[in-house]
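Below is one structure; the comments refer to it alone.
Throughout, read-outs are computed from the coordinates displayed, never taken from laboratory work. Computed from a predicted model, the values in this text were never measured in an experiment. Every residue, glycine as well, gets a Cβ built from its backbone with ideal geometry; the counts of neighbours run over all protein chains shown.
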Amino acid sequence: MQNFLCKNRLSRYNIPMSTREAILDFLQEHPYSCADELSQVLLQTRANIQYHLKRLEREKKIVPIRFLAPGARGRPKSYYALAPQDRPDDIEGLAKILLEILLREDPQPSARINTIAGRILHLNPRASSLTQRLNHLVKALSERGYQARWEAHAGGPQVVFRNCPYATLLPDFPELCQVDASLLFINLGMNAVQKNRIHLPEVHACRFMLK
């Protein structure tokens with residue numbers, strides 16, 4: 001019965017592709033598969049499958065999950081899944097639900113915005129000079145995907161974000177721009193007024209003026 005099921009599942013894999021491509025394609029729909037199952041489904045020897053699994057693991061395309069059944073003896077059995085960056089997920093969907101609860105259903109959303117901003121990054125705003133704090137802040141934000149820099153202007157410094165890590169959520173949750181403003185206030189001790197917001201193709205950066 002198991003062989004019948006494996007051959008049935010093989011039908012969509014009868015297309016020209018390398019063994020490694022076939023393994024990745026199979027794991028896309030059947031995560032946590034072992035070498036024995038992959039060998040049966042792809043009609044290749046276990047040794048050949050193991051060879052390609054090791055290569056994919058070295059290339060960080062897949063990750064092994066080792067499992068030993070309760071009461072079992074010997075070495076744990078290895079199952080394989082796509083690496084986190086290649087794994088299908090719905091993190092964006094979950095984020096939208098959480099933001100809906102936090103920002104839309106809370107009677108004091110501003111408090112939530114400050115909490116979110118502080119969790120993203122909370123340096124000590126009085127630890128050094130403003131220039132040092134700005135340098136430290138834009139470095140820390142760039143490490144979090146903002147591609148940040150700051151500029152000196154006659155009216156005061158301005159912080160520029162060349163990338164928004166939450167761009168896909170902004171259409172539904174423009175409040176995230178307030179999170180960025182709050183983040184700047186928490187870490188610099190200065191009010192941040194948004195002058196520009198990324199809006200492709202015309203505007204390529206967010207800009208906050210600090211007061």
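List of remarks:
- In a simple Cβ point-charge model (Lys, Arg +1; Asp, Glu -1; nothing else charged), the chain has a dipole of about 820 debye relative to its Cα centre.
- Summed residue charge, Cβ within 13 Å of Gly155's Cβ, Lys/Arg positive, Asp/Glu negative: +2
- Kirkwood hydrodynamic radius of the chain, from inverse mean 1/r over distinct Cα pairs, in Å: 21.3
- Of Cys206, Cys177, the sequence from fewest to most neighbouring Cβ atoms within 10 angstrom is Cys177, Cys206.
- Cys164 sits among other residues whose Cβ lies under 10 Å from its own Cβ, and their net charge, with Lys and Arg +1 and Asp and Glu -1, is +1.
- Listed residue (Met17, Met209, Ala167) projecting farthest to the positive dipole end of the chain, Cβ model: Met17
- Helical mean residue ellipticity (222 nm; -39500 (n - 2.57) per DSSP H run of 4+; nearest 500) of the chain: -13000 deg cm²/dmol
- Rh (Kirkwood; distinct C-alpha pairs) - the range 107-210, Å: 13.9
- Summary value for the chain: 14 percent relative contact order, contacts being C-alpha pairs under 8 angstrom separated by 6+ residues.
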